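*Asks:* Just dropping this structure here.
Any read-out appearing in this document is the output of simple, stated calculations on the displayed coordinates, not a laboratory observation. From a predicted model like this one, the values you see are computed outputs, not experimental measurements. Every residue, glycine among them, receives a Cβ derived from its backbone with ideal geometry; neighbour counts consider all protein chains shown.
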């Protein structure tokens, strides 16, 4: 199990995403990302389409990422230029990728002229063709 990522405050989120802070206290901290249906007060969720606005009343998320072109009147709204880009940026914090260990699976097939560099992970049944550099 991975260690839990540290909380992010609203001020840190706004700085990371280069956007203005909504009407929430900047020291409000969030613990992760969630769906609209499952989000709690310490979670961040997102609305992609205007028709999702009707879910706001039932949504318990503490922060809602919203496209900056969408009309949405909720103090939890954080307007961003691109919701997907914002989500990816926050995912990198809340779900950091594990460093890859160098490994070549015994079933990997590597052509004799292929060049395999350092820090490469080749899983089961990978085929590396002639003259390929990895």
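*Asks:* Tell me the relative contact order for the range 1-77 as a rounded percent, counting alpha carbon contacts under 8 Å between residues six or more apart. Display every interim value, and only then the final one.
*Replies:* Numbers: 110 pairs, mean separation 19.1, N = 77.
Once divided by the residue count of the range 1-77, the mean separation gives 25 percent.
*Asks:* Among 132, 19, which comes first, second and so on when ranked by fewest other beta-carbon atoms within 10 Å?
*Replies:* With the fewest neighbours first, 132, 19 line up as 132, 19.
*Asks:* Angle check, please: helix 83-94 long axis (alpha carbons) against the longest principal axis of the chain (alpha carbons), in degrees 0 to 90, nearest 10.
*Replies:* 70
*Asks:* Okay, moving on. Could you sort the peptides 9-15, 60-66 by per-residue average Cβ neighbour count (10 Å cutoff), highest mean leading? Mind dumping the intermediate values first?
*Replies:* Numbers: 9-15: 16.9, 60-66: 22.7.
Averaged packing, sorted descending, gives the order 60-66, 9-15.
*Asks:* Expressed in nm to one decimal, what extension gain is obtained for the pair residue 73 and residue 27 from 0.36 nm per residue of sequence separation less their Cα-Cα distance? All intermediate terms of the calculation are to be shown ahead of the outcome.
*Replies:* Details: separation 46, 0.36 × 46 = 16.56 nm, distance 2.15 nm.
Stretched out fully, the residue 73 to residue 27 stretch lengthens by 14.4 nm.
*Asks:* So what's the range 71-134 giving for Cα Rg divided by 2.2 N^0.38 Å, two decimals?
*Replies:* Working: Rg = 20.4 Å, N = 64, 2.2 N^0.38 = 10.7 Å.
In units of the 2.2 N^0.38 Å rule of thumb, it is 1.91.
*Asks:* When you count, for each residue, the other Cβ atoms within 10 Å and take the mean per peptide, how do 98-104, 46-52 rank with the highest first?
*Replies:* Ranked from most to least packed, the peptides come out as 46-52, 98-104.
*Asks:* Under Stokes-Einstein, with the Kirkwood radius over Cα pairs standing in for Rh, what whole-number D in µm²/s applies to the chain at 4 °C and 1.567 mPa s?
*Replies:* Numbers: Rh = 17.5 Å.
Taking Rh from Cα pairs, D becomes 74 µm²/s.
*Asks:* So what's the range 1-70 giving for Cα Rg divided by 2.2 N^0.38 Å, two decimals? Walk me through the numbers on the way to the answer.
*Replies:* Values: Rg = 12.5 Å, N = 70, 2.2 N^0.38 = 11.1 Å.
Compactness ratio reported: 1.13.
*Asks:* Can you give the FRET efficiency to the nearest 0.05 for residue 60 and residue 11, using r as the Cβ-Cβ distance and R₀ = 25 Å? Numbers along the way, then the final one.
*Replies:* Details: r = 22 Å, r/R0 = 0.88.
Computed FRET efficiency for residue 60 and residue 11: 0.70.
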